[in-house]
1. Under 9 Å between Cβ atoms, which residue pairs at least 6 apart in sequence (or on different chains) link something in segment 134-152 that is at negative phi and of a type in the set (Asp, Glu) with a partner that is open to solvent by less than 30 Å² (accessible area, probe 1.4 Å) and part of a loop (DSSP other than H, G, I, E, B)?
2. Please specify each residue of segment 113-155 satisfying the condition of being in a helix (DSSP H, G or I) and closer than 30 Å to SER78 by Cβ.
3. LYS172 - would you say it is of a type outside the set (Gly, Ala, Ser), crowded, with 17+ Cβ neighbours inside 10 Å and under 16 Å from ASN84 (Cβ atoms)?
4. Take the conditions at pLDDT 95 or above, under 19 Å from GLN107 (Cα atoms) and either among the basic types (Lys, Arg) or open to solvent by 20 Å² or more (accessible area, probe 1.4 Å) (or both) and apply them to ASN34. Does it pass?
5. From the residues in segment 174-214 that are polar (S, T, N, Q) and in a loop (DSSP other than H, G, I, E, B), which one is farthest from HIS68 (Cα to Cα)?
6. Please determine whether any residue of segment 9-25 is closer than 30 Å to ASP137 by Cα, assigned to a loop (DSSP other than H, G, I, E, B), free of Cβ contacts under 8 Å to residues at least 60 places away in the same chain and open to solvent by 40 Å² or more (accessible area, probe 1.4 Å).
7. Would you point out which residue out of SER85, SER158 is more than 30 Å from LEU199 (Cα to Cα) and of a type in the set (Gly, Ala, Ser)?
8. ILE93 is checked against (1) touching a residue at least 60 places away in the same chain (Cβ under 8 Å); (2) out of contact with any Cys (no Cβ under 6 Å at 6 or more places or on another chain); (3) assigned to a strand (DSSP E or B) and fails just one. What number does that condition carry?
Amino acid sequence: MKNLLIKNSAEKIQLNNIICVGRNYAAHAEELGNKIPKFPLIFLKPTSSLIHSGENIIMPDYSNEMHHEIELVLLIGSTIKNVNSSEAEKAIIGYAVGLDMTLRDIQLKLKGNGHPWTLAKGFDTSAVVSDFILKNDYVLNNNETISLKVNDELRQNSSLSMMLFNPAEIVKYISSKMTLGKGDIIFTGTPKGVNKVELNDKLFGKIENVGEVLAEIQ
């Protein structure tokens with residue numbers, strides 16, 4: 001089982017589940033021609049998809065269009081089910097910067113046939129995370145800037161305030177559908193500006209006061 005790394009600490013937390021939210025920024029939903037959701041759109045990635053900042057993203061040979069998606073990632077620190085907003089916020093013990101890599105051509109084919117997105121979202125190295133910063137060191141105010149550069153070109157630049165569903169709302173909703181546990185991480189969606197990456201591209205993502213994520217496409 002893989003471990004999550006903690007900033008300013010030798011502690012490691014064992015990864016449990018990777019849960020993701022889609023279309024959590026209205027402008028991103030619109031840029032892909034999707035409807036703005038009325039509740040969080042949830043999908044999963046296998047734990048085998050996780051890599052840490054500084055490792056390489058391997059482009060699958062069965063896709064011709066891999067896209068970058070910069071995201072805030074939440075770390076859950078306790079077992080919860082059917083919690084209220086206050087309990088949901090308390091269950092979030094830390095944050096990281098993440099990349100949810102997506103095979104857009106595969107995703108569009110799957111969606112067109114009414115099939116799940118798993119093959120477009122769950123390939124090896126498709127979930128990149130920075131070290132997690134614990135709430136003891138920083139508490140999110142949900143106004144932080146979130147950005148991504150590819151080869152020094154700014155591709156995504158927004159604010160966490162633009163999320164349709166904030167972190168506590170996301171955790172509350174997910175806990176109403178499934179039990180969450182220590183070591184679960186939640187990718188919270190990406191702002192507009194997603195685009196294709198090429199071999200040898202260098203990605204640099206940042207969330208103000210949270211951290212940075214680095215990866216190269218191989």
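The values are calculated or read from the model by the stated rules, or taken from the named source; none is laboratory data. For clarity, every value in this text was computed on a predicted model and none was experimentally measured. Neighbour counts are summed over all protein chains in view; Cβ atoms, including those assigned to glycine, are modelled from backbone coordinates with ideal geometry. Protein only, heavy atoms only, side chains kept; ligands, DNA and RNA dropped before computing areas. Shrake-Rupley method; radii C 1.70, N 1.55, O 1.52, S 1.80 Å.
1. Short answer, once both residue conditions are applied: GLU144/VAL210.
2. If the condition is that a residue be in a helix (DSSP H, G or I) and closer than 30 Å to SER78 by Cβ, then THR118, LYS121 are the ones that fit.
3. Working: of a type outside the set (Gly, Ala, Ser): yes; crowded, with 17+ Cβ neighbours inside 10 Å: yes; under 16 Å from ASN84 (Cβ atoms): yes.
Answer is yes for this residue.
4. So ASN34 does not fit the description; no.
5. Taking segment 174-214 and keeping what is polar (S, T, N, Q), we get 175-176, 179, 188, 190, 195, 200, 209.
From what is left, the residues that are in a loop (DSSP other than H, G, I, E, B) are 179, 188, 190, 195, 200, 209.
On the way: THR179: 29, THR188: 14, THR190: 9, ASN195: 6, ASN200: 14, ASN209: 21 Å.
Per the criteria, the residue is THR179.
6. Yes: segment 9-25 contains one or more residues that are closer than 30 Å to ASP137 by Cα, assigned to a loop (DSSP other than H, G, I, E, B), free of Cβ contacts under 8 Å to residues at least 60 places away in the same chain and open to solvent by 40 Å² or more (accessible area, probe 1.4 Å).
7. Only one candidate qualifies: SER85.
8. Here ILE93 meets the rest and fails (1).
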